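The values are calculated or read from the model by the stated rules, or taken from the named source; none is laboratory data. None of the values given here were measured: they were computed from a predicted structure. Neighbour counts are summed over all protein chains in view; Cβ atoms, including those assigned to glycine, are modelled from backbone coordinates with ideal geometry. We work out accessible area using only protein heavy atoms, side chains counted, and drop any ligands, DNA or RNA first. Shrake-Rupley method; radii C 1.70, N 1.55, O 1.52, S 1.80 Å.
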Amino acid sequence: MIKRDSFPDILRGFALFGIAMVNIQFFSISTFNGAEALDLTDPQSATMAFLVMALFQAKFYLLFSFLFGYSAHYVLKGEKSNRGRWVARSVGLVILGLLHLTFLFHGDILFIYGVFALLITLLYFRKEKTLKVWAWVIYIITAVLFVAISLLVYLGEVFLASKGKTFPSQESIDFLDVALTSGGFLEIAAARFEFWLIAAGPAFLLQGSLVFVAFIVGVLVARKGGLGASLKPELMKRFAFWGLTVGLALQLLSAYIFIANEQAESYSLSLYLIAIALNFLTAPLMSAGLVGGLWVLSQKFKLSLLSAAGRHSLSIYLGQSLVFSTLFSAWGFGLFQELSLLSVVLIAAATWLILALLAKLNLRYRNRGPMEALLSNFSRLFERKS
């Protein structure tokens, strides 16, 4: 039996905090644009949007995705006989994802995770070189697409400007906003599912490719000995240094370009795309820095709260959505578009803290959270008996 390492749990708990900080803006401010829907000429809104983009956006979902790929090692354990259980686990995530995106959050990641978990089954037993090639090819294609789209939009803006014209204003998908403001539970659920059907394609293009790369990297790290005692301190300190210097600087730059463009008299779609591309494509560097920095801290402090949250990652992820949906939906407390970005970010932090404390309390009586137990028991139904 593979011994459970504590550091991956610490990372998962930390990733859940960052995910909450990003997700809540799509529960509370705008279901399509998030903080972009605010007046970012307002200093407080601009400051908070800048911090969320620079410090949280794209970094934590990649970290969470990396850890999901890493967890494949604990289920498959290098044995093809365990594929049935892994496939069942993946199907379970797809089902949970469909329920989650319909009834709680249109920005669900469980469905994507389930789909890519099925795909990773095709690569898991391949050679290390093959996995590395797939990871680099997918990342490079994604980067080229980002750059090409940004360049084409820029050329389009230049051409239209020479004609005294601009791109037509982008219409947001606001029917879910309307439903959240005044609809009942089932009405919101129907609007949420319709929204997801419209937005799923761009979401897979924007996030899916990098999620899959993170999955592959997680598998490779697990093969190399994982995130346990075999970790090299020099490597982790190097990750921390470069990720939290160069990586952070690039993220600050992307956030600056984004906010400056939002505040400019003449908005540029190409500059927006450049900021998003820079944010997403350099996020892995800062994510590595967060891994290294957290490892350094874990050598000095126990970080038991983060570890407890990480052991309840599925329960807390869904729990955060349940709390946010209740607070901001019309069928709940009806706070949608009623609070400032600062307020909702504080709510996100408080929600994560309360759920993490409950997770720590639960570990006194049980070894895992309720949703972890449900998914594990479901997958074990398909485990091959020797």
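So here's what we get for this one:
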item	result
Student exercise, the chain dipole from Lys, Arg, Asp, Glu Cβ charges, in Debye to nearest 20	2660
Dipole magnitude of segment 42-110, debye to nearest 20 (Cβ charges: Lys/Arg +1, Asp/Glu -1, about Cα centre)	480
Percent accessible area from carbon and sulfur atoms, segment 266-383, protein chains only, probe 1.4 Å	67
Most fluctuating residue given options 324, 212, 193, as computed from a GNM of the chain linking Cα atoms under 10 Å	193
Rotationally averaged projected area of segment 249-386 (alpha carbon convex hull; nm²)	13.9
Dipole in debye (nearest 20) - segment 1-157, about Cα centre, beta carbon charges: Lys, Arg +1; Asp, Glu -1	1200
Selected from 256, 61, 365 as most flexible by GNM, with the chain as the system and alpha-carbon contacts under 10 Å	365
Segment 57-104, accessible surface, carbon-and-sulfur percent (1.4 angstrom probe)	63
Max mean-square fluctuation residue, GNM over the chain, Cα-Cα springs under 10 Å, options 243, 310, 84	84
Of 132/360; 232/302; 59/302; 132/232; 80/300; 80/232, pairs whose Cα-Cα distance is over 28 Å	132/360; 80/300; 80/232
Segment 1-64-segment 88-118 distance, computed between alpha-carbon centres (Å)	19
For segment 208-218, Karplus couplings with θ = phi - 60° (6.51, -1.76, 1.60), whole Hz, Gly/Pro x	x, 4, 6, 4, 5, 4, 4, 4, 4, 4, x
Directionally averaged shadow of the chain, computed from the convex hull of its alpha-carbon atoms, nm²	19.7
Separation between Cα centres of segment 321-386 and segment 230-274, rounded to whole Å	29
1.4 Å probe accessible area per residue over the chain, in Å²	49
Percent accessible area from carbon and sulfur atoms, segment 115-158, protein chains only, probe 1.4 Å	80
In nm, spacing of pseudo-spin labels at residue 241 and residue 366 (7 Å Cα→C-beta vector)	4.5
